[in-house]
1. Condition check: in a helix (DSSP H, G or I), touching a Ser or Thr at 6+ places or on another chain (Cβ under 8 Å) and in contact (Cβ under 8 Å) with a residue 24 or more places away in the chain. Does ALA11 satisfy that?
2. Can you run down the residue pairs with Cβ atoms below 9 Å, 6 or more apart or on separate chains, where the first is in segment 49-73 and within 22 Å of TYR22 (Cα to Cα) and the partner is assigned to a helix (DSSP H, G or I) and aromatic (Phe, Trp, Tyr)?
3. Please find, within segment 22-56, the residue that is farthest from TYR78 (Cα to Cα) out of those that are among the acidic types (Asp, Glu) and in a helix (DSSP H, G or I).
4. Could you check segment 57-103 and list, in sequence order, the residues that are closer than 13 Å to GLU15 by Cβ, assigned to a helix (DSSP H, G or I) and in contact with a helix residue (DSSP H, G or I) (Cβ under 8 Å, 6 or more places away or on another chain)?
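Derivation of every value follows stated rules applied to the coordinates shown; laboratory data play no part. Every value quoted in this text rests on a predicted model; they were computed, and no experiment measured them. Virtual Cβ from ideal backbone geometry, glycine too; neighbours counted across all protein chains shown.
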Amino acid sequence: MQTNQQISSKAVKIENLLDEVYRDLAELTEENFNQKFISAKLKMQKAMEIKSQNSSKLGFFTPSKKIVQMAKLISEKYDNVTKDWANKLKLVQKEIELSQNQKKMTIYNR
């Protein structure tokens with residue numbers, strides 16, 4: 001049976017992992033996308049693993065306020081990152097379309 005100190009220690013580990021996930025998402029750029037996104041995903045999996053281990057040993061897991069707060073922040077950050085990348089893709093798509101239209105106009109004017 002786990003002691004309260006062990007349970008608290010695992011909750012702190014989860015909190016730290018979630019902090020790191022949020023930081024990875026906040027630092028996401030085109031240059032480091034693969035590295036940071038995969039890192040965030042692996043840390044989330046590790047946090048879920050710790051939660052599952054705690055749940056299986058105790059039959060339940062009560063997240064701390066910080067865990068709940070970080071989960072909400074991560075969800076919001078992920079949504080924002082997704083929207084930002086979608087907007088960037090739309091801009092690139094419009095630039096490509098504009099370039100193609102200019103090419104057509106050039107060919108037509110010949």
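1. So ALA11 passes the test.
2. MET70/TYR22; LEU73/TYR22
3. Ranking the candidates gives GLU49 first.
4. LYS66, ILE67, MET70, ALA71, LEU73, ILE74
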